[in-house]
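Below: one structure, written as structure tokens.
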Amino acid sequence: MSIIEVNGLQKEFFIAKRETGVMGAVKSLFKREFTKKEAVKDISFSIEKGEMVGYIGPNGAGKSTTIKMLTGILVPSSGDVRVNGIVPYENRQENAKNIGVVFGQRTQLWWDLPTIESFELLKAIYRVPDKRYKENMDIFQEILGLNEFINTPVRQLSLGQRMRADIAASLLHDPAILFLDEPTIGLDVVAKEKMRTFIQEINREKQVTVILTTHDMEDIEKLCQRMVLIDHGQKVYDGEILAVKERFGKMRTLVVDLEDTSKQRFVTGGELVKQEGNRYWIRFNRDEISASDLITQISQTHNIKDLTVEEPDIESIISRIYQEGFTEQQETVQI
Amino acid sequence: MGQLNMYWTFTKKAFLRSAVYRFEVWSRTGSNLIFLVMWGSIWTALYAGREEAAGVSFTAMLTYIVVSKFLDGVNEAGTPLWDIQEKVRTGDISLELMRPFDVPLRYLFADFGSVAFYMLTALLPIYFLLFLFMDLTLPTDGFTWIYFILSAFLGFLIRYCVEMTFGLLTFFLVETGGIEDIFYFAMSLLSGSVIPLWFFPGWLETIAMYLPFQSIFFLPISIFIGQISGSQIYMALGIQLFWLVVCYLILRLVWNRASHKVVVQGG
């Protein structure tokens, strides 16, 4: 059985309509109208033990809503959720023992106290045996270097240190599943890299299942083999990251700077995606046309001052999927 | 046992946290004493040299105010209303809901820690000195002390339930200023914290008698100064126990509704 099973999950919210103006405010005191918002519509997926899955989508796509339903603090409107065999919202406290949660934007540590105090508190909350506590703290020290700031009050920690402490705190009770919501937000390059290495090591050593939501595509690319892509509350893609790269990785973008654009001429086999002044971005499929063919076509009528060929990174692939869906287009463009 | 140990850890950590805010202890102590002097002066003026009013001696009345301000200090060291509002406002309440503990209990035990710190570092030493140097009446037998402590503790728990319930209304309202005003009004007047219930006009006294607030100040202090004695003490403790049960049930009801609202409507 999969460690996480989600079937036909739906969540709709009713949002009170606010009317403008004084009269509107008075009216809303007595009668309120509600609009229905479908945050998650019919999402299904399952995740195996030990997997690291990137759960991504643009703002407002329904990511947090899904995560909240998996952690049990939100009841689905319909559909089934099972986390480690438990229905989270029916048994929130039991579910809590199996999961660890890190919100990049919040902290679960006690702001005013030295970091170690929060760990002791969590030890009591999750009833971590002394021996296990010591072992885990040793691991955290080894990989995260916790000891350098363990006696510093949380409010005095740097963001990087606080994130390290937070992620360690979420793992103290050896949860089977770890939810990471933007764990690298606001961190500098070095701290981000450290954080990723730590997540990888934890996943490998403890077989923790990791679900990662982030807007940082580098996080996804470096950590996950699989991604679930959602948009407007629906699943757009679920599969290997490599497969996406394979599929869209054939696309290249030719960037040319032309000297003179007055002459009209058709280029076939490429798609003009952007133009700024005399600079043109032409996307093409390398299986269908070679870069040199394209350049030859253009150079017949224009003087090319400069040119580069860009390979797509996962970020641009994903932003393209958001914008255009999963189709590949070929058309004739005019430059 | 493990449960208790977990909540007890909250008490210990809250105790430590209070130690971080030493300045707050001093400022709170300062304002506590200012109000003590103020109400002490008002009552001295009202008695205007008389030995007795409404069957209560001046010394007993002064003791009433001093004990009341002591209990005020104890109660104000726990701040569930403020805590819960902050958690709801910042959205951190969802993190609390994700933990394997009961939220209202967790805050109660944390409050024990804050109260203990404030009592040990400020209230007990200061009020010990006050009783030493002022002409006040102390209970003469040990039983009265025990009943007083028991009654004051019940009062603390009732106040906690009421205050937490008011705090939880944040879940249902955007603006809570009005709610807070009602709470603080009831806490200062209807509880008998500055005016004993026996000085109330008949109708107001009756109202106050049928509300839980008198359990927080009026009943324990009356036991302390001997206005309530003998079998009346059991009656008073019974009333407090009754209100504790009622307020606790209301708290649970409101908490269930509030957490249900979070999990259904997303807060």
### Query
What single numbered condition from (1) over 28 Å from B:Pro220 (Cα atoms); (2) open to solvent by 20 Å² or more (accessible area, probe 1.4 Å) fails to hold for B:Thr79?
(1)
## Note on the structure
Among (1) under 25 Å from the mean Cα position of the chain (by Cα); (2) within 14 Å of chain A (Cβ to nearest Cβ), B:Gln3 falls short only on (1)
## Note on the structure
For the range A:134-154, the count of residues that are surrounded by 19 or more Cβ atoms within 10 Å (Cβ to Cβ) and either within 13 Å of another protein chain (Cβ to nearest Cβ) or over 22 Å from A:Leu187 (Cα atoms) (or both) equals 3
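Answer with yes or no whether B:Leu138 is part of a loop (DSSP other than H, G, I, E, B), among the hydrophobic types (A, V, I, L, M, F, W, C), more than 14 Å from chain A (Cβ to nearest Cβ) and out of contact with any Ser or Thr (no Cβ under 6 Å at 6 or more places or on another chain).
Yes, satisfied.
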### Message
One residue is enough: does the range A:229-236 have a residue meeting the conditions of a type in the set (Lys, Arg) and free of Cβ contacts under 8 Å to residues at least 40 places away in the same chain?
### Response
no
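Identify, from the list A:Gly21, A:Gly60, A:Gly79, the residue that is open to solvent by less than 60 Å² (accessible area, probe 1.4 Å) and assigned by the TED database to the domain that holds A:Ile211.
On the way: A:Gly21 fails: assigned by the TED database to the domain that holds A:Ile211; A:Gly60 fails: open to solvent by less than 60 Å² (accessible area, probe 1.4 Å).
Sole residue among the options that is open to solvent by less than 60 Å² (accessible area, probe 1.4 Å) and assigned by the TED database to the domain that holds A:Ile211: A:Gly79.
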#### Entry: Residue in the range B:16-29 that is free of Cβ contacts under 8 Å to residues at least 24 places away in the same chain, within 14 Å of another protein chain (Cβ to nearest Cβ), in contact with a Pro (Cβ under 8 Å, 6 or more places away or on another chain) and open to solvent by 20 Å² or more (accessible area, probe 1.4 Å) present
yes
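Filter the range B:30-50 down to the residues that are aliphatic (A, V, I, L, M) and surrounded by 15 or more Cβ atoms within 10 Å (Cβ to Cβ), then identify the one that is nearest to B:Ala122 (Cα to Cα). Walk me through how you get there before you give the answer.
Narrowing the range B:30-50 to residues aliphatic (A, V, I, L, M): B:33-34, B:36-38, B:42, B:45-46, B:48.
Among the residues that remain, those that are also surrounded by 15 or more Cβ atoms within 10 Å (Cβ to Cβ) are: B:33, B:36.
On the way: B:Leu33: 11, B:Leu36: 15 Å.
Among them, the one singled out is B:Leu33.
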### Query
Can you name every residue in the range A:173-188 that is buried (at least 23 other Cβ atoms within 10 Å of the Cβ) and at pLDDT 90 or above?
A:Leu178, A:Phe179, A:Leu180
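Which ones in the range A:63-76 are open to solvent by 10 Å² or more (accessible area, probe 1.4 Å), closer than 30 Å to A:Glu221 by Cβ and within 11 Å of chain B (Cβ to nearest Cβ)?
Quick first cut of the range A:63-76, residues open to solvent by 10 Å² or more (accessible area, probe 1.4 Å) only: A:63-65, A:67-68, A:75-76.
With the extra rule that they be closer than 30 Å to A:Glu221 by Cβ, the set shrinks to A:63-65, A:67-68.
If the condition is that a residue be open to solvent by 10 Å² or more (accessible area, probe 1.4 Å), closer than 30 Å to A:Glu221 by Cβ and within 11 Å of chain B (Cβ to nearest Cβ), then A:Ser64, A:Thr65, A:Ile67, A:Lys68 are the ones that fit.
Does A:Ile43 satisfy the criteria of being more than 10 Å from chain B (Cβ to nearest Cβ), out of contact with any helix residue (DSSP H, G or I) (no Cβ under 8 Å at 6 or more places or on another chain) and at pLDDT 90 or above? Give the derivation first.
Details: more than 10 Å from chain B (Cβ to nearest Cβ): yes; out of contact with any helix residue (DSSP H, G or I) (no Cβ under 8 Å at 6 or more places or on another chain): no; at pLDDT 90 or above: yes.
No.
Scanning the range A:37-65 for residues that are more than 23 Å from A:Arg196 (Cα to Cα) and hydroxyl-bearing (Ser, Thr, Tyr), which turns out nearest to the chain's Cα centre (by Cα)? Spell out the reasoning first.
Of the range A:37-65, the ones more than 23 Å from A:Arg196 (Cα to Cα) are A:37-46, A:60-62, A:65.
Now drop any that are not hydroxyl-bearing (Ser, Thr, Tyr), which leaves A:44, A:46, A:65.
Working: A:Ser44: 17, A:Ser46: 17, A:Thr65: 13 Å.
Out of the qualifying residues, it is A:Thr65.
Hand me the list of helices (runs of 4 or more DSSP H) wholly inside the range A:43-144 holding 1 or more residues that are in contact with a Pro (Cβ under 8 Å, 6 or more places away or on another chain) and touching a residue at least 24 places away in the same chain (Cβ under 8 Å). So that I can check it myself, show each step before the final result.
Values: elements: A:63-71, A:92-98, A:115-125, A:130-144.
Counting at least 1 such residues, we get A:63-71, A:92-98, A:115-125.
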### Task
Sort through B:Leu197, B:Leu138 and tell me the only one that's among the aliphatic types (A, V, I, L, M) and either at positive phi or exposed (fewer than 14 other Cβ atoms within 10 Å of the Cβ) (or both).
B:Leu138
### Task
Of all residues in the range A:83-118, count the ones that are farther than 17 Å from A:Ser64 by Cα, in contact with a strand residue (DSSP E or B) (Cβ under 8 Å, 6 or more places away or on another chain) and more than 7 Å from chain B (Cβ to nearest Cβ).
8
### Query
Name the residues in the range B:233-267 that are at positive phi and either touching a residue at least 60 places away in the same chain (Cβ under 8 Å) or of a type in the set (S, T, N, Q) (or both), would you?
B:Gly267
### Criterion violated by B:Ser193 - all others in (1) at pLDDT 95 or above; (2) in contact with an Asp or Glu (Cβ under 8 Å, 6 or more places away or on another chain); (3) not charged (D, E, K, R) satisfied
(1)
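For the range B:236-248, state whether one or more residues are open to solvent by 80 Å² or more (accessible area, probe 1.4 Å), farther than 18 Å from B:Phe166 by Cβ and modelled with pLDDT under 95. Steps first, answer last, please.
So the first thing to find is which residues in the range B:236-248 are open to solvent by 80 Å² or more (accessible area, probe 1.4 Å), and the list is B:241-242, B:245, B:248.
Still in the list and also farther than 18 Å from B:Phe166 by Cβ: B:241-242, B:245.
Among the residues that remain, those that are also modelled with pLDDT under 95 are: none.
Looking through the range B:236-248, none of the residues is open to solvent by 80 Å² or more (accessible area, probe 1.4 Å), farther than 18 Å from B:Phe166 by Cβ and modelled with pLDDT under 95.
Could you check, for the range A:170-178, whether at least one of its residues is closer than 30 Å to A:Leu9 by Cβ and assigned to a strand (DSSP E or B)?
Start the filter on the range A:170-178 by keeping residues that are closer than 30 Å to A:Leu9 by Cβ, which leaves A:170-178.
Now restrict to residues that are assigned to a strand (DSSP E or B): A:177-178.
Checked against the condition, which is being closer than 30 Å to A:Leu9 by Cβ and assigned to a strand (DSSP E or B), the range A:170-178 yields at least one hit.
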#### Entry: Enumeration of residues in the range B:214-235 that are buried (at least 23 other Cβ atoms within 10 Å of the Cβ) and of a type outside the set (Val, Ile, Thr)
B:Gln214, B:Ser215, B:Phe217, B:Phe218, B:Leu219, B:Pro220, B:Ser222, B:Phe224
### Task
Can you give me the number of residues within the range B:212-235 that are modelled with pLDDT of 95 or more and assigned to a loop (DSSP other than H, G, I, E, B)?
2
### Query
Of all residues in the range B:212-237, which are out of contact with any Gly (no Cβ under 7 Å at 6 or more places or on another chain) and among the β-branched types (Val, Ile, Thr)?
B:Ile221, B:Ile223, B:Ile225, B:Ile228, B:Ile233
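Quick one: is B:Leu97 open to solvent by less than 10 Å² (accessible area, probe 1.4 Å), touching a helix residue (DSSP H, G or I) at 6+ places or on another chain (Cβ under 7 Å), within 14 Å of chain A (Cβ to nearest Cβ) and within 22 Å of B:Trp8 (Cα to Cα)? Give the derivation first.
Working: open to solvent by less than 10 Å² (accessible area, probe 1.4 Å): yes; touching a helix residue (DSSP H, G or I) at 6+ places or on another chain (Cβ under 7 Å): yes; within 14 Å of chain A (Cβ to nearest Cβ): yes; within 22 Å of B:Trp8 (Cα to Cα): yes.
In short, yes.
The values are calculated or read from the model by the stated rules, or taken from the named source; none is laboratory data. Keep in mind it's a predicted model, so treat the numbers as computed, not measured. Virtual Cβ from ideal backbone geometry, glycine too; neighbours counted across all protein chains shown. Surface areas here come from the heavy atoms of the whole protein model, side chains and all, with no ligands, DNA or RNA. Shrake-Rupley method; radii C 1.70, N 1.55, O 1.52, S 1.80 Å.
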